[in-house]
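Here is the structure we will look at, set down as structure tokens.
No value in this document is a laboratory result; all are computed from the given coordinates. Just so it is clear, the structure is predicted and the values come from calculations on it, not from any experiment. Glycine also receives a Cβ, built like all others from the backbone with ideal geometry; neighbour counts cover every protein chain displayed.
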Amino acid sequence: GKRIGPKTGDPTKFNSFEDVVKALKMQIEFLMDYISQINAVQGIAHTTLAPNPFASTQIPSCLERGKELNADGVDYYYSKSNLIGLATLADSLAAIRKFVYEEKKVTLTELVKALKENFKGKEYLRQMLINKAPRYGNDDACVDSIAVKCLRMWKEIQEKYRDIRGGKLKLSYWPGYISNSAHVSIGREVAATPDGRLAMTPLSDNLSPSQGRDINGLTAALNSVAKLKPK
């Protein structure tokens, strides 16, 4: 019941799909600013409380300067945040665009209510979201274009920040796409989503399609992934 994110408007009053995307961008901007603060604290902690002398001995510039690698021992630093659940996000946005704004088969008010209740008594709606909406991983331009837009939006926001340790890199925040197993643990903290995913279940992993939603074969899945070229 505690708000931890920014106020982005009442979703039941959004008049267009563009309003949804605008609210999403505001959430990402807030979270990236929060992440940068966490990374700054972490960077200071590594330097002052948890230095890495052994690794520093393996780096010539650290030996030449007599400095630890996190304390100006090297020229190039970068920080990274990982995008986890891209397919879950893209599939969810595609479902909202199709069923709320294009075909008007459900209102956003009804969808929000169903998500809050984890689709209780709304299995017919959940099956429609799962089986009738376009899915990333099937070489479908409709949803793949959304995935590309989300990835580029996140990358552009991230690149506004700089690593606290400085360095010579033009971009000191780099995008990552690796979830390893985090999509499972993080999924346990995420409510139901508009792609039909139930609350507390895994998000999509890495840059892969949502589990079981790529139904057009491996080549189609690879074609979807190949479109994700962050400029």
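Our compactness index for the range 82-161, the C-alpha radius of gyration over the empirical 2.2 N^0.38 Å, is 1.21. Taking Cβ atoms as reference points and 10 Å as the exclusive limit, the residues near C62 contribute a net charge of -1, counting Lys and Arg as +1 and Asp and Glu as -1. Only helices enter this figure: runs of n ≥ 4 DSSP H residues, each worth -39500 (n - 2.57), summed and divided by the residues of the chain, yield -14000 deg cm²/dmol at 222 nm to the nearest 500.
Between C62, C150, C142, the GNM of the chain built on Cα springs shorter than 10 angstrom shows C62 fluctuating the most.
Who wins for biggest fluctuation among L207, L151, L63 in a Gaussian network model of the chain, springs between alpha carbons below 10 Å? Result: L63 has the largest fluctuation of those listed. In the range 47-112, which chymotrypsin sites (Phe, Trp or Tyr not before Pro) are in a loop and have at most 15 other Cβ atoms within 10 Å, using DSSP for the loop call? Those satisfying the criteria are Y76, Y78.
The length gained on full extension between A191 and T48, counted as 0.36 nm times the residue separation minus their Cα-Cα distance, comes to 47.7 nm. The calculated P(r) of the range 16-140, using every Cα pair and 10 Å bins from 0, goes 10, 27, 21, 14, 14, 12, 2 in percent. Annotation: extensible slack from K105 through T12 equals 32.0 nm (criterion: 0.36 nm per residue apart, minus Cα-Cα distance). Positive end of the dipole of the chain (Cβ unit charges, origin at the Cα centre): among P11, S92, S172, the Cα lying farthest that way belongs to P11.
Reported value for the range 1-88: 153 Å³ per residue, from the convex hull of its C-alpha atoms. Entry note, the chain: relative contact order of 25 percent, from Cα contacts under 8 Å with a spacing of 6+ residues. The mean of 1/r over all pairs of different alpha-carbon atoms in the range 137-210, once inverted, gives a Kirkwood hydrodynamic radius of 14.5 Å. With one equal scatterer per alpha carbon and no solvent term, the Debye-computed log10 I(q)/I(0) for the chain at 0.09, 0.16, 0.17, 0.18 1/Å reads -0.46, -1.14, -1.25, -1.36.
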